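Asks: Would you mind keeping the following structure in view while I ask a few things?
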């Protein structure tokens, strides 16, 4: 005895509510950032200059492109171009992996310089710089975790598209995954200027 | 007839899977609700025993049954279990799940699988919390608030407890998302916003707070864990952090959380009072809007917990004013309940007695809250047992009693059996007397200056502490009697019909216990308001 009901608007509505919760999760870190920036304006500029803007800039381009590919994937499935849709999903996942690899090299570089939470080098640089890098690691880390979750989600949906469980007339799951991916992108769009571009 | 086993009817007998898996993998909101109810009640009993042990330690000055460290761990665990595992999920997760879909004429919540996931997150959180007590380097001793810097430096098992609270927060968020979506999308034909039972309105307001405030607790607890694991130092002055910011972030969630706790309780009372007065609820829209107003204003008052922590006088003024504003919608509710009683044909059934006790106790707790919200008085009362008394007046005398009211009101609906009314009256009497003696004494000794969270005290506080401990024994007797009576009623009480109390909301128009999918083949069509008692009669039982 099962009772089938389908309501795509409701599914999207639920996803939007979930996205609010994600925004608030990150907002806690943004509050800490704002207060620390007011307390240590000069130190934040010093610390920001230590970050490699090319790593950050490249990752911004990568994520923006991935947002485009996932949006195109939705249009593809709406037009019933299943193969194209899967390819676009794979492209998005590929870009997510590029982002994470890039992040890995960036962090390795910084860690090799002795800059990581609770390190001696960082302690010698004083509380302002320390707080910048602590926030940098944990905000970017939390964001990286979201990239991983988003990529996993898109992988699952891509498999479902291939198996015909997500189709041109029932694709709300792909839409919701794309919404999540856009949020991941959006958070980065705020992180990038806050950490790499303050002068 | 009275010996028919419980499992023979309604949603107990119809399930795609049989046996235990039929429960553990069920996405039916009633089964999930009953599972929540079982776990939540168990957690309440565990934490209540810890509370009684603390009262026993405070019977006379000096060390008796526990050391200072044990006492610290006891109040911490009592707080964590009562807050995160009992009060927050009590009415919304248990009764919200049981009733919300039926009351709006739906067959289930909007995301049934997510609902089951919430339950599993709840259980995982509960298991982690219990592990935190018995494993590692000792039970956490920070108080349920996890204040830094102590929580990042103590050697006790804080990380695990924080992880537990994080999981429970996640569970709460998913329930909130589910409920908001359900109320928006699954109302039956004819169930306009103006016909929602007040319980649904309060769940709606609660669900919004759960969605919007809980993530802040999540990130705060994650940061505490990171600080413990990696020395992140985001709340550590030496690393450029600020411990006061922890308090802000924590209370940005945890103050709205007390409205997660109290709003659904107000919804329960708003259902019971009209039914037992045989009169429509006075001021329906005022009640509905005031629920949203409490949720909104309650989200803006968090820093009134921090008057003594260090804040500008101007900020104190603003938060004090905002705190007073919350009293307005709360008072609207109290006045409307009393206006509903006025010239009603009042029947003092067990649920009604608990509801009346709620009004009195919540009013006392609310007024005490104003004393604490006023900065000048708070400087004197801050961190005394007055705060503990105030909190228990609103949370135990309020939400706790509303939970008991809900048990007496709706449990017969979901088990199909009635408990013994005489014993219910006696248990209520014991609870009412025991509760007020315990916590009034606690408030009084707090005004005299006894600090909270101390395992020992000066001799001049002894009389009132003895009174409070004596009260706690009466309270315990009431609890035992009440739970025993309810359990006996569930298992072999008299069978009841659809509508034992004469309620007009939709749950009273389906069998007791309700069938799977709640309504027959036809979707319900709603043609009358939730408090329209014309022609509604209570079944004999």
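Yes/no matrix, rows are residues, columns are (1) without any contact (Cβ under 8 Å) to a residue 24 or more places away in the chain; (2) over 17 Å from residue A:156 (Cβ atoms); (3) surrounded by 14 or more Cβ atoms within 10 Å (Cβ to Cβ); (4) touching a strand residue (DSSP E or B) at 6+ places or on another chain (Cβ under 9 Å):
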site	(1), (2), (3), (4)
A:45	no, yes, yes, no
A:51	no, yes, yes, no
A:64	no, yes, no, no
A:68	yes, yes, yes, no
A:75	yes, yes, no, no
A:85	no, no, yes, no
A:90	no, no, yes, no
A:106	no, yes, yes, no
A:111	yes, yes, no, no
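Table: residues versus (1) out of contact with any helix residue (DSSP H, G or I) (no Cβ under 7 Å at 6 or more places or on another chain); (2) surrounded by 21 or more Cβ atoms within 10 Å (Cβ to Cβ); (3) outside any helix (DSSP H, G or I).
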residue	(1), (2), (3)
B:318	yes, no, no
B:326	no, yes, no
B:337	no, yes, no
B:347	no, no, yes
B:393	no, yes, no
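Asks: Right, next: Restricting to the stretch B:177-202, count the residues that are away from every other protein chain (no Cβ under 14 Å), part of a helix (DSSP H, G or I) and surrounded by fewer than 22 Cβ atoms within 10 Å (Cβ to Cβ).
Replies: Matching residues across the stretch B:177-202 total 2.
Asks: Additional query: Being assigned to a helix (DSSP H, G or I), surrounded by fewer than 18 Cβ atoms within 10 Å (Cβ to Cβ) and at pLDDT 95 or above is true for just one of B:477, B:406. Which residue is that?
Replies: On the way: B:406 fails: surrounded by fewer than 18 Cβ atoms within 10 Å (Cβ to Cβ).
None of the other options fit; the residue is B:477.
Asks: Now for a separate question. Could you say which residue among B:155, B:172 is outside any helix (DSSP H, G or I) and either out of contact with any helix residue (DSSP H, G or I) (no Cβ under 8 Å at 6 or more places or on another chain) or crowded, with 24+ Cβ neighbours inside 10 Å (or both)?
Replies: Working: B:172 fails: outside any helix (DSSP H, G or I).
None of the other options fit; the residue is B:155.
Asks: Are any residues in the stretch B:222-248 more than 10 Å from chain A (Cβ to nearest Cβ) and buried (at least 23 other Cβ atoms within 10 Å of the Cβ), and if so, which ones? Lay out the reasoning, then the answer.
Replies: Step one: of the stretch B:222-248, the residues more than 10 Å from chain A (Cβ to nearest Cβ) are B:224-225, B:228, B:243, B:247.
Result: B:224, B:247.
Asks: Examine the stretch B:303-312 for a residue that is crowded, with 20+ Cβ neighbours inside 10 Å and either free of Cβ contacts under 8 Å to residues at least 24 places away in the same chain or under 30 Å from residue B:103 (Cα atoms) (or both), and state whether such a residue exists.
Replies: no
Results for (1) surrounded by fewer than 18 Cβ atoms within 10 Å (Cβ to Cβ); (2) in contact with a helix residue (DSSP H, G or I) (Cβ under 7 Å, 6 or more places away or on another chain), shown as yes or no for each residue.
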{"site": "B:425", "(1), (2)": "yes, yes"}
{"site": "B:434", "(1), (2)": "no, yes"}
{"site": "B:462", "(1), (2)": "yes, no"}
{"site": "B:487", "(1), (2)": "yes, no"}
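Asks: So which of B:439, B:457, B:533 is more than 24 Å from residue B:109 (Cβ to Cβ), crowded, with 21+ Cβ neighbours inside 10 Å and either over 27 Å from the mean Cα position of the chain (by Cα) or free of Cβ contacts under 8 Å to residues at least 60 places away in the same chain (or both)? Give the steps one after another, and end with the answer.
Replies: Details: B:457 fails: crowded, with 21+ Cβ neighbours inside 10 Å; B:533 fails: crowded, with 21+ Cβ neighbours inside 10 Å.
That would be B:439, the only listed residue that is more than 24 Å from residue B:109 (Cβ to Cβ), crowded, with 21+ Cβ neighbours inside 10 Å and either over 27 Å from the mean Cα position of the chain (by Cα) or free of Cβ contacts under 8 Å to residues at least 60 places away in the same chain (or both).
Residues checked against (1) assigned to a helix (DSSP H, G or I); (2) within 14 Å of another protein chain (Cβ to nearest Cβ); (3) more than 27 Å from residue B:401 (Cα to Cα); (4) at pLDDT 95 or above:
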| site | (1), (2), (3), (4) |
| --- | --- |
| B:7 | yes, no, yes, no |
| B:17 | no, yes, yes, no |
| B:23 | yes, no, yes, no |
| B:60 | no, no, yes, no |
| B:64 | no, no, yes, no |
| B:97 | yes, no, no, yes |
| B:107 | no, yes, yes, no |
| B:117 | yes, yes, yes, yes |
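Asks: Restricting to the stretch A:16-49, count the residues that are within 26 Å of residue B:299 (Cβ to Cβ) and more than 9 Å from chain B (Cβ to nearest Cβ).
Replies: Qualifying residue count, the stretch A:16-49: 7.
Asks: Can you tell me which residue in the stretch B:502-516 is farthest from the other protein chains (Cβ to nearest Cβ), limited to those that are under 10 Å from residue B:11 (Cβ atoms) and buried (at least 18 other Cβ atoms within 10 Å of the Cβ)?
Replies: B:513
Asks: Next question. Listed residues B:238, B:205; which is modelled with pLDDT of 95 or more and assigned to a helix (DSSP H, G or I)?
Replies: B:205
Asks: For the stretch A:82-199, which fully contained helices (runs of 4 or more DSSP H) count at least 1 residues that are more than 30 Å from residue A:12 (Cβ to Cβ) and within 14 Å of chain B (Cβ to nearest Cβ)?
Replies: Per the criteria, A:82-112, A:120-124, A:127-162.
The values are calculated or read from the model by the stated rules, or taken from the named source; none is laboratory data. Keep in mind that what you see is a predicted model, and the values were worked out from it rather than measured. Virtual Cβ from ideal backbone geometry, glycine too; neighbours counted across all protein chains shown.
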